[in-house]
1. Length gain on complete extension for the stretch residue 425 to residue 109, per 0.36 nm per residue less the alpha carbon to alpha carbon distance?
2. Among the DSSP beta bridges whose two residues both lie in the stretch 149-302, what percent are antiparallel, rounded to the nearest 5?
3. Give me the percent relative contact order of the stretch 166-240, please, defined on Cα pairs under 8 angstrom at least 6 residues apart.
4. Take every Cα pair under 8 Å in the stretch 1-78 that's 6+ residues apart, average their separations, divide by the length, and report that relative contact order as a whole percent.
5. What nm distance separates the two modelled labels at residue 384 and residue 48, each placed 7 Å from Cα along Cα→Cβ?
6. How much length would be gained if the chain were fully extended between residue 157 and residue 119, taking 0.36 nm per residue of separation minus their Cα-Cα distance, in nm to one decimal?
7. Using the 10 angstrom Cβ neighbour count as an exposure proxy, how do 180, 262 rank, fewest first?
8. Out of all DSSP beta bridges with both ends in the stretch 316-445, state the antiparallel percent to the nearest 5.
């Protein structure tokens, strides 16, 4: 019997029907699965239909003889090596040489001896076993026993094509172990290897026979789930995530715990290649890692449309020396996870904001609350009693204050997310949006070029007077200062929200005024009245900053 649990397939090719039946009987009794063909052309069809591991073929056959069949066989792209034995009455050395050169592996002289036939088949099996082992080593990661990245893509190509042809879903899940480098640095690489083996075992235990699980590289894994849409892939990943969180790994007396981040994506109509599918899952994984790790993110839930990467600017180096702390807008208002939705609605309406980070009792970032989350509960019964913790979005994309600004710029270009939260020791300290990055980039560009070297810009500004914009900002500054003074003077509500909201609006207006001020010297000189308006707005902002509201203007907020 063959050593493998699966029977080796043997194709017997002979135009002599009596010889064909005798060989078939002998080989089947030896424990092989046998099919037969009457000539070389029929044998070609049998190989295309279901490729055998061994072939016994007669040399002399009408049409396509055994030697020509061997030549054809060696030119085919077959799923595995086929060991071929030529049956012949020829015994001259030249005949043996020509047969070997055609691609035959062995010879068996006629008349055929049964014992010798089985012995040569066994010899062929040993060659095939070695070939199988070498193939397995080439396609399998030696540490985890999972398939390699190359094998993932080889099998994904076939599954992707089947998915397109038969119109069934297929999803990719990218998996990355959280803080794996710390395990290697703290406990050594043997401990890291044991973690990888344990994770591979967990992945295997949740995998169906038709799925593909492989080690993508380092501490990253990839799963191809045939027949699963993105929702099902996310559910599968969530089960794995929870199982890993509960898994205890003991290495050299140390008890280790591990978590992982997951990104899932489904093949959609506009995804034309397997590489694109893996890339979308990888982008979702990036969001999961930036959102705090130990979570599952689906690409479609993250974004309905992926923004084009537009980082090819010639002036990208202008952001090289800036960090997130240099670019962010400081957070002056937050939401507690224990607050009610009613409180948040009132909070948002009074401060005229659309979102805010959510923190726990110790000030750590735990989520984000936006008007979108509020809208999802407004039609529920007693919506105002719902807690923020039950409604908020937990997957918050966050970056450390020390993160290069260019890294965040590239991230916001790649995804449909419009802003990220900046943290220090996992406490929110600021927010960076596309708008704040555009303002920062514009200011950096002007500073780099210099006013004296921007003649074309000056000419443009002379034809496009910035004075109306300056006046509008100054008027808004005056109006917001007056409104804030009225609110504080009335003191009918808690002062802190009014101060935070008013100061936030004035802060943005002052930033806009400073941005416009760089162009004031190249624009048409303003008349006396606009200068007065500008001075009034600036003075009001300064008095507010130093706690000295202007009562005269506060009484008439619309007199600007």
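Here, each number is a calculation from the coordinates, and none is a lab measurement. Keep in mind it's a predicted model, so treat the numbers as computed, not measured. Here the Cβ positions follow ideal geometry from the backbone for every residue, glycine too, while neighbour counts run over all protein chains shown.
1. On the way: separation 316, 0.36 × 316 = 113.76 nm, distance 7.98 nm.
Value of the extension gain: 105.8 nm.
2. Working: 23 of 26 bridges.
Within the stretch 149-302, antiparallel bridges account for around 90 percent of the total.
3. Values: 78 pairs, mean separation 35.1, N = 75.
Relative contact order, the stretch 166-240: 47 percent.
4. Details: 111 pairs, mean separation 26.5, N = 78.
Value for the stretch 1-78: 34 percent.
5. Placing both labels 7 Å beyond Cα along the Cβ direction yields 7.6 nm.
6. Working: separation 38, 0.36 × 38 = 13.68 nm, distance 3.91 nm.
Result: 9.8 nm gained on full extension.
7. Details: 180 18, 262 28.
If I rank by nearby Cβ atoms, fewest first, I get 180, 262.
8. Values: 16 of 21 bridges.
Looking only at bridges with both residues in the stretch 316-445, the antiparallel portion is about 75 percent.
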